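The values are calculated or read from the model by the stated rules, or taken from the named source; none is laboratory data. Bear in mind the structure is a predicted one, so any value in this text is a computation, not a measurement. Here Cβ is always computed from backbone atoms with ideal geometry, including for glycine, and neighbour counts include all displayed protein chains. Ligands, DNA and RNA are excluded from the accessible area calculation, which covers all protein heavy atoms including side chains. Shrake-Rupley method; radii C 1.70, N 1.55, O 1.52, S 1.80 Å.
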Amino acid sequence: MDRPDRAYSVGATPILQAWRAAGIRWVVTVPDFVQLSLHAALARPDSGLRTITTANENQAIETAAGLHAGGERAVVMMQNQGLYNCLNAIRALGLDAQVPLYLSIGQFGREFANLGDDPRRSRRRMVSLLEPVMDAIGMPYFRIESSADLPNVARAADAAFSRNGPSAMLIGHYTAWE
Amino acid sequence: MALTHLQVCQAITAARGDAIVVCTMTAMNVLDGLGAASPLTLSSVPLMGGALSLGLGLALARPERTVIVLDGDSSLLMELGGLANVAGQQPRGLHHFVFANRVQFNGNHALPLADGGRTDFAGLARAAGYASAQTWSRADEVAPERIAEHLRRPGPSFVQLDVEPSPSRIGPTQPAPETTDARFSRMGDEIRAMRRALGASA
């Protein structure tokens with residue numbers, strides 16, 4: 001069935017390729033419903049990345065920081081509500097300790113009517129508050145709203161690893177199964 | 001008679017060798033007092049509850065290393081799910097010690113914990129899926145040679161240390177001090193020093 005919302009989905013494979021190109025070897029995650037196809041791609045033996053699932057987002061941020069201390073690069077996958085849950089860990093490790101924290105955040109709960117529009121105008125606070133919260137803590141973010149935004153995957157990684165701080169790519173709609 | 005934080009930290013310092021140590025709260029303060037600075041020591045500060053997951057990341061990034069986590073009971077209660085994360089990954093080099101003094105703000109102004117002092121932390125770790133979990137409360141159990149032997153066994157291991165709370169310093173005649181800038185820059189400085197010591201480049 002062809003659904004019009006598919007125009008706003010980005011494939012899992014090009015995201016994985018961009019992560020590998022950025023030197024990412026680990027994924028730390030509280031699994032995200034928006035990024036299900038990406039989780040499935042990561043589970044394949046040839047993904048080239050190892051996944052660590054944690055019980056909450058503070059632990060995901062802290063585990064990624066431990067990987068960094070040990071010399072490894074990680075991406076942290078979570079939902080928008082997960083970001084709200086781990087602001088103190090990001091404050092401590094990303095901002096105060098200047099650890100590169102590269103997040104991939106799914107905009108869970110976004111109404112289809114908002115696709116193609118500004119997520120800040122979503123009717124759902126879970127969606128509309130995400131960017132203002134990151135603005136408030138000085139955390140850069142890069143929208144992934146369609147395949148045209150794929151270069152933002154690498155830009156977000158560079159913003160974390162070059163600046164030694166937190167950054168995020170914001171997945172606006174379900175990742176595609178391709 | 002219960003153990004003291006100083007007694008345990010002295011023994012771990014003597015036994016650690018080239019192990020990575022991730023510490024927090026009272027253990028961090030006691031290690032500072034011992035003058036046991038090392039580029040392979042990382043303090044989770046100010047970040048209560050963060051030590052175990054930092055240690056998990058280090059243990060996975062550096063599987064050839066022994067990683068010692070010196071945690072507090074109130075810190076662990078904040079992030080109990082971390083036990084499950086360790087169980088899920090089974091890092092053989094990770095050894096998790098929890099100072100069970102049964103108070104929050106130990107040494108400053110003791111306040112009760114959420115669990116009313118009832119939690120069997122070793123039981124939780126065992127049930128979560130650690131490879132081993134024990135409770136130590138006697139001096140012979142924390143002798144440096146005993147700890148060194150423990151660290152040679154495959155992890156993930158868990159040890160609940162039954163320790164006496166330290167005397168409280170803060171009260172009506174001794175107000176709390178200002179938090180220093182160094183407390184906020186410390187963790188980042190130590191992470192960068194550890195990366196240098198480990199030759200990290202990624």
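Within 13 Å, Cβ to Cβ, of A:Arg50, how many net charges do the neighbouring residues add up to if Lys/Arg are +1 and Asp/Glu are -1?
On the way: positive: A:Arg20, A:Arg25, A:Arg44, A:Arg73; negative: A:Asp46, A:Glu72.
So the surrounding residues net to +2.
What does the charge count near A:Glu145 come to, summing +1 for each Lys or Arg and -1 for each Asp or Glu among other residues with Cβ under 15 Å from its Cβ? It would help to have the intermediate numbers written out before the result.
On the way: positive: A:Arg6, A:Arg110, A:Arg120, A:Arg121, A:Arg143, A:Arg155; negative: A:Asp5, A:Glu111, A:Asp117, A:Asp118, A:Glu131, A:Asp149.
Spelling it out: positives minus negatives among the neighbours equals 0.
Between A:Arg44 and A:Tyr84, what is the label-point separation in nm under the 7 Å Cα-to-beta-carbon projection?
Taking the two extended label points, one gets 3.5 nm.
As an exercise, use a Förster radius of 45 Å and the Cβ-Cβ distance of B:Ala2 and A:Arg123 to find the FRET efficiency, rounded to the nearest 0.05.
Calculated value: 0.20.
Write down, largest first, the equivalent ellipsoid semi-axes of the range B:5-166 in whole Å, where each equals the square root of 5 times an eigenvalue of the alpha-carbon gyration tensor.
Values: eigenvalues 83, 67, 47 Å².
Each semi-axis is the square root of five times an eigenvalue, giving 20, 18, 15 Å.
Taking amide H atoms as placed 1.01 Å from N in the peptide plane, list the residues 5 or more away in sequence, or in a different chain, whose amide H sits under 5 Å from that of B:Gly93.
HN-HN under 5 Å from B:Gly93: B:Gly155.
Select from B:Thr179, B:Thr119, B:Thr24 the residue whose mean-square fluctuation is largest in a Gaussian network model of chain B (Cα-Cα springs shorter than 10 Å).
In this elastic network of chain B, the residue with the biggest mean-square fluctuation among B:Thr179, B:Thr119, B:Thr24 is B:Thr179.
How much accessible area does A:Thr54 have with a 1.4 Å probe, in Å² rounded to the nearest 10?
That residue has around 10 Å² of solvent-accessible surface.
Please express the shape of the protein assembly as shown as an equivalent ellipsoid: the semi-axes are the square roots of 5 times the eigenvalues of the C-alpha gyration tensor, given largest first in whole angstrom.
After diagonalising the Cα gyration tensor, the semi-axes are 39, 22, 19 Å.
Report the residue, chosen from B:Leu76, B:Leu56, B:Leu113, that carries the largest GNM mean-square fluctuation when chain B is represented by alpha-carbon nodes joined by springs under 10 Å.
In the Gaussian network model the winner is B:Leu113.
In percent, what relative contact order does the range A:114-178 have, based on Cα pairs under 8 Å that are 6 or more apart in sequence? Before the final figure, lay out the partial values.
On the way: 67 pairs, mean separation 18.6, N = 65.
Computed value for the range A:114-178: 29 percent relative contact order.
Please give the solvent-accessible surface of B:Arg153 in Å², to the nearest 10, using a probe radius of 1.4 Å with every protein chain present.
Its accessible surface works out to 110 Å², give or take rounding.
Under the rule of -39500 (n - 2.57) per DSSP H run of 4 or more residues, summed and divided by the residues of chain B, what mean residue ellipticity at 222 nm is obtained, to the nearest 500 deg cm²/dmol?
Rounded to the nearest 500, it is -12000 deg cm²/dmol.
In whole Å, largest first, what are the principal axis extents of the Cα atoms in the range A:24-178?
44, 37, 29
Return a whole-number percent for the relative contact order of chain A, with Cα pairs under 8 Å and 6 or more residues apart as the contact set.
Values: 366 pairs, mean separation 53.7, N = 178.
It rounds to 30 percent for chain A.
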